[in-house]
1. Can you tell me the orientation of helix 112-123 relative to the chain, as the angle in degrees between its alpha-carbon axis and the longest Cα principal axis, to the nearest 10?
2. Once you put a point 7 Å from the Cα of residue 310 and another 7 Å from the Cα of residue 5, both along the Cβ direction, what distance in nm separates them?
3. Sort 253, 213, 21 by Cβ crowding within 10 Å, fewest neighbours at the top.
4. Please list 26-34, 88-96 highest first by mean number of surrounding beta-carbon atoms within 10 Å per residue.
5. Between 0 and 90 degrees, rounded to the nearest ten: what's the tilt of helix 80-94 against the longest Cα principal axis of the chain?
6. Angle check, please: helix 276-288 long axis (alpha carbons) against the longest principal axis of the chain (alpha carbons), in degrees 0 to 90, nearest 10.
7. Only one of the listed values, (1) 176; (2) 134; (3) 154, was derived from the coordinates as volume of the Cα convex hull per residue in Å³; which label is it?
8. Grab the Cα-Cα distance for residue 281 and residue 67, subtract it from 0.36 nm times how many residues apart they are, and report the gain in nm with one decimal.
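Read the figures in this text as sums done on the coordinates, not as results from a lab. The structure displayed is predicted, hence computed values, not measured ones. Neighbour counts run over all protein chains shown; Cβ positions are idealised from the backbone, glycine included.
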């Protein structure tokens, strides 16, 4: 044990900083274990873990500002660059060196929340999402009190090593204070937030998400160990996502007529392919509303949803690079009829 450990213990005790005190005690236990005094290390760990030295630790039923959400469900396909960043987080957390706070930023529908769920599954942690509607209060000073209580709950989970805390859409608290009307109130709330982040239990993993990164308060931004950008989808990435979603919904709704060539051409008509969240709603609706007796009806519905016109104009479909066979499917006409009508149109 070093002098700084003693100083830190006294400092954290005087500040009533339970999380800091516990973390320092754990570090001391690790030092004793490394030096060969495993019995003393185990005794310290037992005191901190079992005796609940300061205040009772939080169980799920005690939480006022969090709700537990399931991390299960189907995984969302993510680009390789984002997948590698998530893998980096797994490695960072695994080192147990206090790298535990991460910010996922990106436009709505880019998969930030799904990324959190995938991360929780890999880390084998339960997700507790903060209810910011309960934290933000119109009464002067109450918001900062709620923030303090929120971090108290974070710091007293029974098994912090099994917890991932999600600040979904943290914008409600973390936007630049110059964009708020009551600067003094927001200043106090932000200061409380900063203190909470500084003294947060290092055994808890915290992930925050935001759609408004450019307006983020820089002081809070500096408290995060890493920022992951979820806007990095290429056009081909989004096409792969679209195909994955199509396969999923065709199986779910028991439709077997999978025509990827027509599907890709229809999606390409969007010009700018939307992010996965919007793609999911678009494709799911087209498949779910289709006639179960007509295996290609979803393609016609998808075409209409994308272009806002029914697939009836043969010349337009030809100009959109659909083949005679594909035009026949979209218009429900025989190929021979399509070929003849197109020829007649060309001859005019």
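1. Once rounded, one gets 60 degrees.
2. 7.9 nm
3. Neighbour counts put them in this order, fewest first: 253, 213, 21.
4. Output ranking for 26-34, 88-96: 26-34, 88-96.
5. Orientation of helix 80-94: about 20 degrees from the principal axis.
6. 50 degrees
7. Recomputing volume of the Cα convex hull per residue in Å³ here gives the entry labelled (1).
8. 74.5 nm is the gain from fully extending residue 281 to residue 67.
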